[in-house]
Structures are given as structure tokens and as C-alpha cells.
Amino acid sequence: MEVLEPARVHPVVVIGSGAAGGMAAWNLTRQGIDVVLLDAGQKFDKSGSWEHVPAWERYWRGKRGEGPLRFFLDTREQPYLTPPGRPFDLARVWGHGGKTNTWGRVSLRYAEIDFKSAERDGWEIPWPISYRDVAPYYDKVEALIGVCGGDDDSETLPGSRFLQEAPPPRCGERLLQKAAARLAIPIVAGRRANMTRPTRGFAACHYCGRCSEGCATSSFFNSADHLLPFALETGKLDLRSNAVAARVLVDDRGLARGVQYFDRKTGAEGQVMAKVVVVAASAMDSTRILLNSKSAAHPNGIGNGSDVIGRYLCEQVRINVKGVLRGLFDTPRRHDKGIGGAHIYLPRFNHKAPHQRDYLRGFGVQFWNTGSYQDGAPVASFVPGFGASFKREVRRRTPAWVEIHPFGEVLPYADNRVTVDESRTDRYGVPLMKVDYRIRENERKMVEHMGDLVEEMVKAAGGELVDYRRGEIDKAGAAIHEHGTCRMGQDPKRSALNAFNQMHEVKNVFVVDGSAFTTASEKNPTLTILALSWRATDYLAGEIRKGSL
Amino acid sequence: MAKSVELPVVASEGGPGRRRVLQGILTGLGTGIAIPGLAAEHPVHAHLADPAKAAAADAKVAGPGWKPEFLDAYQFETLSSMAERILPGATKLKADRFIDQLLAVDSAANQQAFLSALGGLDGEARARFGKPWKALSEPEQIEILTAASTMPLPARARNDQDNRPPRSGAAPAATGGSSLRGYFEHLKGWVVGSYYSTEEGMRELGFTGNQFFPSFPDCQHPDGHK
């Protein structure tokens, strides 16, 4: 294969333009540092967004050969491997902004209890940072991207004075909130990156509730609209689309010297030479790139002398429960999709009596799809019988629909891991990733607790569960919250990155996405990814200015 | 309450549509999303998820001089009668026609499962009253559906430690296969899926189309759920 070696050596190349990479590019360019940003896709055309197209109009558009935005990568284009009988649902978005185009927007601060979990229970290594280190960045991120929420402040969910007004709870959420209070468990306002007031020139949310289809007014944070244009305005960003990063290239000393990539459309190989490589392709793809970056200096993948890269994959364990609340039977139906997803959140509560159990870590609860305005007829298939009474009952129960989704932390296990299979390659000849992941006894005990909570809460709310099977766990990977495969830590023998997301073994490589997390916690990671990427690139910019890199 | 603003509905080529709601939802959400209210394994699920197939079926049922394509006249009359009894208004929204059109392009196995369910209930009519379903009086039809919808599930229809009632529209194997209950649930799945995928069916449940709000309105219920 002929490779043309480009002469120019850029200050920094960033792989990936989602939350992590978008933040890195934005923060470096605004500090005057030239960045080449490689994204595996291109910009999604917002004019093709269908979130305001009435459902029945979609039909005709489809008939004309039109279609809505498709965010997720087709596995036929980029397969991945799993062991027999152990599936893992991996959702990838290749395109400007990555998964922030379609994320759930739940924006929860990690608490000190999260950063100190290993100190508390002794399971695996501790984070090398504390809440105090990240808190200033949470402040800045919330102010930048526009997060709505309440005035709550607790040991498991730190408060913030940078939150915008939260939308009021829907009726079902209000009833669940009261029911949980009777169980001495607080439910607070959800914290979501939906702008409830105009922010940085972006319009406030208009409460159509169709966020997952792409917001035409960009009223929720996504990297493609809220970070990349501002980085481009500096004149310091060279954004290269359809550049599928394959490997980090190294020099004779084992330091990074650039990135090898393939053009997604043509398959042509390209290289970008740079003094610093920032890896931010999302946890799983970053891990694949690092493991595929083998050389004489790094036979186990770049920066992986410790053999921790790829290990300790932490997703989150989740159950999905549906029900109806009798207090809402036959009430007037209303358009209450709001900001989409939940307007409330139940923070982790099992860290102290009387809620402690015999498992480590904890879970929080989300409530998406609760409300009277539902697409389809979710109630209909759970109402028995037939005839006019059946039809009446479907109508009667429709406003009473609630959904409850506890998300729990999965402990880091060394053999929950991502590897690369040299014998199976993609269309560019790059080895595929293999994901081997399962939950264990600790998570199963947690799921039991989830079941107890949900059953008690719905009972206290005067409701009934429908289509419920206790202990039924969502598919592995379904939370789309992968962490831990290139973790931070103080000990280079047990971690790949230092406290500033810099590789212990390769000082000019930074990994700033979810793979850097030491633990998963029960929280959605994007806010923390943004904060850590900002923090890491502040450090990086300082090192560049000092001439250390 | 903040005044809501309903977006003008873009005029559709064929006027306000039928059965486009669920299909539209699927189109919007992409792959891997189950149609709310339907068991993913039910054949109608796949039909509604396939725009070309649903479009072809829908266009046909709206056309003049429509005739069933898969079912014969006897079977179609039986289906129409059962559909109306299961979900009143189903024939007005042409759920029966839509089902026929979907069956016409379905797999042999799904076609057979449907015919088994239809024939099973019709056979029950003959066994009980010596007449085919469509010749039964309303009380006789109700008697059969009452029996079918309330009889216990066969043990093999249940998962281990799972006593959940079946979702309407679950595959025959999941609802007791050749049992009367299984036939009923299978047929009900087709009817429910077809009916509540229409705009009219959805609006019955409060579907409003797009609405925008300057701020999200708080609960308007008189007691505020005190």
C-alpha cells in the first residue's frame, strides 16, 4: 500500500467530534491552538429533520422516497463481534457531533461518592480525581450548553447554580414523586440539556418532544451545532469529514506522531501528522483504535503495557417497567411530551440507611415515556377483552401510562473487555472489535432492589404494573453508556491514563471520552465527558504553551 | 395554561391518512424500535415497519372496487365480522381490508397462522351453535369471544415463572398456539395493530399532532393530584 507522508506536522489531531472530541477541538482552538479534527462521518443535514412532520405526512414522504435523518451506524458497514450467546448492543453514530445528535440529554453531575467509590468499598482502583477537581468544569459546561434542573442538592447528586428552569413534572411524574416521598426517597427535577431559555443565540426549547429525531432549532446541546461552528470561526480548526481513524502512528521512541485514517467513501488511506493525538472516538471505537495501534514499542496496543486497555468495560444495567396509575384513568389527555424523556429523576438513594443492601454501588431511576401523549397505543395490547368495553378501557387508561427505568452501575471487571480480532477485518482491512461483556452477582442483587423499589413505588402511587416480569433486564449495551476501557488512575500498572487523561506510557496521547472513566456510576456520562475533556485540554493547552509537548 | 399552537398539517396527497401513524413513528425512530402496543413478534409488526409494503396495502384498500386479495369472500366476511366485534369501528377504518392486503404479501407461515386463528374461531362457532361465525347472532358471537378471551392459557404459552397475560398480538406460540385463547389473541393483535395505526384511531386516544409551547404548561387537572 502506497502511503504519501504529508510534510506538515500539526500541533494537535483530535479523533471524533462528539461530546469529547467536539469539546477538545472547541477548547483548544479558542486558546489559539491549531487542530485537525477527524470525523468518521459528515454533518447531518438538519433540513432533513422530521421531528415536526406529522405522523401521517411521513407516510407520503416515505412513499416519495424521502426519509428522516438516520444517525446510527449500520453494522453491515462496520460489524463488531461478540462471543456466542453473549450479545452486546452497540450503538455508534459516525458523523459530526456523534451521539450528541440523538442523546437522551440527561446531564447529571458525578458526586464525591462516585469519585470515591473504590475508597469506600475497595472494589478496583480509585479515580485519581475528586469532585472538587471537576466541579469548576461542571459549572462551565452547564453554563455553556444550557442544562435545566431544580434547586436540589444531595450527597449523590450535587446541586448547581448554573441550571436553567426545569419544566414542571407531567401528571404521572407528579404522582410518582409523591409516592416515592412516602417511601422516604426523593424524586427531583430532571437535569437535561434542553435549553428552557435562549442560550448563546440558540432558541429555547419549544416542547415538541421529538428531540431524538434531531432538533431543527438546536435547542438541546449537540456538539455539531454548539461547539464545532464556534471552533471553525476561530480559523484554527481543520475539520475533515469521512475520515475513519484506524491507528495512532508512533515514532522510534514510541511517541505518537499522527493518525492513520481511511476515507469512508473511497477507502483511500490518509495520514495526519501531529505533535499530540487526542483520542475521542467514543469509548468503544477509541479502544479499538488504541488496540489496533500496535508497534515495536507498543506490541499490545499504544500505551497498553499495563494490559488494562480494553478491560474493565462498564456499561450500565437497566430494567424497563411499564404501568398505569389509577388516579389518572379517564383524565383529560394533553400533549405532554415536553422536553422528551423524563422531567424528573430519582437520584441514587441506597448509600445510607434504611435503603442500604448487600451489594456495591447504586442506581438512579429515569421515567421516559411517562405521560398521556403517546405515539401508538401502548396501552392497547395490555387491556384484556374485546368490544366496546375494551375500546373504552384503552381510552380510559391511555392518560395513565408511566414508564420507569432504573439505571445501575456495573462494577469494573477485568474480563469484561474489548479486544480486536486480527483475523476479522473491516472494509479497510482494520481488525474488528470484539465485545465480551456480562453482568455478575452484584448487579443481579441490584436488579432485585430495583424491582422492589419499582413495585413499592407504583403500589404507593395507586398504580398497577403491566407486562411486568420481575428481574427482566434490558439487553447488554442498551443504555449506550460504555466506560472504563482506557481508565484513569494513579498507578500506571493498573491504569492507562493519568489524572488529566494523558497516557502514562505515551505522554503525547490523551484519551478524553467515556473510556477514560475509572467507574461507570449509575449516571449518564455525557456531562462528565464534557467536563473532563475541557479539563484535560486545558491541561494540554498549558503543556503546549510551556513547550512540554 | 399557555396557549398551544397546533402546526398546520401539510396536505397529504390522499387526504388525511389512515394507518400512517405507527409507520411514521417507525420511520422516524429507525430500526430496532418496537411499535408501541404490539408484540414485536406479531406479523403485523413487520408489515407496519415496511413503508413500501404498508403503502401498497393502504393504497389498495382505499381504491374503488376493492376485493380481498388473500382471503376468499367467505374468509373476508368472517374477518370483517370478527374485527368489528373485537374492536367496534374497525371496518369503518378498513382494518379488515388492510389486514387482507398485508396477508397477501406475508410469509406462508404467517398466512397459515392467521388462517388457523380465523378458522379456529369459526370452527368454535360451528361446534357450539352449528353455524359459521358470520351467521351467528350478536349474543352468540359475544359468547364465543367471551369464552375465548377469558379461558386460561395453556401451560406452554407461559414462560417459566411468568404468569403475565399475553400481549395481544403475540405470536401464536406465545399465546397458546392452537388454543381458542391463542386464536383470539392472535386475531386481536392484527385488528388492534391495524386500527390504532390510523390517524382516526390515534386521535381517539388523544393524539394531537404537533404542538408547540412557549413554556411547558403545568398540570391542568382540577385537583392538581393533591
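Just so you know, all these numbers are worked out from the coordinates, no wet-lab data involved. It should be emphasised that the depicted structure is a prediction, and the values quoted were computed from it without experimental measurement. Don't worry about glycine lacking a Cβ; one is built from the backbone with ideal geometry, like all the others, and counts go over all protein chains shown.
On a 18 Å Cα-Cα criterion, which of the cross-link pairs A:Lys140/A:Lys507; A:Lys99/A:Lys337; B:Lys131/B:Lys188; A:Lys43/A:Lys99; A:Lys46/A:Lys99 come out too long? Please report the intermediate quantities before stating the final value.
Details: A:Lys140/A:Lys507 27 Å; A:Lys99/A:Lys337 21 Å; B:Lys131/B:Lys188 22 Å; A:Lys43/A:Lys99 12 Å; A:Lys46/A:Lys99 15 Å.
Cα-Cα > 18 Å for A:Lys140/A:Lys507; A:Lys99/A:Lys337; B:Lys131/B:Lys188; rest within.
What fraction, in whole percent, of alpha-carbon pairs in the range A:169-266 exceed 23 Å separation? Mind showing how you got there, number by number?
On the way: 2814 of 4753 pairs.
Distances greater than 23 Å cover 59 percent of the Cα pairs.
Calculate, for A:Lys493 and B:Ser215, the FRET efficiency according to 1/(1 + (r/R0)^6) with r their C-beta to C-beta distance and R0 35 Å; round to the nearest 0.05.
On the way: r = 54 Å, r/R0 = 1.54.
Result of the calculation: an efficiency of 0.05.
What is the local net charge at A:Gly340, summed over the other residues whose Cβ is closer than 9 Å to its Cβ (Lys, Arg +1; Asp, Glu -1)?
Charge balance near A:Gly340 sits at +4.
Going by amide H atoms built from the backbone, whose H comes under 5 Å of the H on A:Asn508, apart from near neighbours?
A:Ala256
Using only the alpha-carbon atoms, what does the protein assembly as shown span along each of its principal axes? Please give whole angstrom values in decreasing order.
For the protein assembly as shown, the Cα extents along the three principal axes come out at 93, 61, 51 Å.
In nm, to one decimal, how far is the A:Leu183 label point from the A:Asp251 one, both placed 7 Å along Cα→Cβ?
Modelled inter-label distance: 5.9 nm.
Within the range A:479-505, find all residues whose amide N lies under 16 Å from a label point positioned 7 Å from the Cα of A:Lys546 along Cα-to-beta-carbon.
From the range A:479-505, the list is A:498-504.
Between helix A:131-145 and chain A, what is the angle of the helix's C-alpha long axis to the longest principal axis, kept within 0 to 90° and rounded to the nearest 10?
Taking the Cα atoms of chain A, the angle to A:131-145 is about 80 degrees.
Where the centre of each part is set by its Cα atoms, how far does the range B:83-102 sit from the range A:104-141, in angstrom?
Taking the Cα centre of the range A:104-141 as reference, the centre of the range B:83-102 is 56 Å away.
First measure r as the distance between the Cβ atoms of A:Tyr539 and A:Ala268, then evaluate 1/(1 + (r/R0)^6) with R0 = 35 Å and state the FRET efficiency to the nearest 0.05.
Efficiency computed from Cβ-Cβ geometry: 0.50.
Under 5 Å between amide hydrogens, which residues at least 5 positions from A:Arg361 or on another chain qualify, with H placed 1.01 Å from N in the peptide plane?
none
Please find the FRET efficiency linking A:Val9 to A:Lys116, where r is the Cβ-Cβ separation and R0 is fixed at 45 Å, and quote it to the nearest 0.05. Don't skip to the answer; put the middle values down first.
Details: r = 41 Å, r/R0 = 0.91.
After rounding, the FRET efficiency stands at 0.65.
Considering all alpha-carbon pairs of the range A:403-456, what whole percent are spaced by more than 17 angstrom?
Numbers: 804 of 1431 pairs.
That fraction is 56 percent.
For A:Val250, enumerate residues with amide H under 5 Å from its amide H, sequence gap 5+ or separate chain, H modeled in the peptide plane.
A:Arg257
What is the distance, in nm, between label points placed 7 Å from the Cα along the Cα-to-Cβ direction at A:Glu472 and at A:Ser295?
According to this spin-label approximation, the distance is 5.1 nm.
Would you compute, from DSSP H runs of 4+ residues alone, the mean residue ellipticity of chain A at 222 nm, taking -39500 (n - 2.57) per run and dividing by the full residue count, rounded to the nearest 500? The partial results should precede the final answer.
Values: 12 runs with 128 residues, N = 549.
One gets -7000 deg cm²/dmol as the mean residue ellipticity at 222 nm.
For B:Lys60 paired with A:Trp123, estimate the spin-label separation in nm (one decimal), with each label point 7 Å from Cα along the Cα-to-Cβ line.
Going from the B:Lys60 label point to the A:Trp123 one covers 5.5 nm.
Compute the long axis of helix A:387-397 from its Cα atoms, compare it with the longest principal axis of the Cα atoms of chain A, and write down the angle in degrees, 0 to 90, nearest 10.
It is inclined by approximately 60 degrees.
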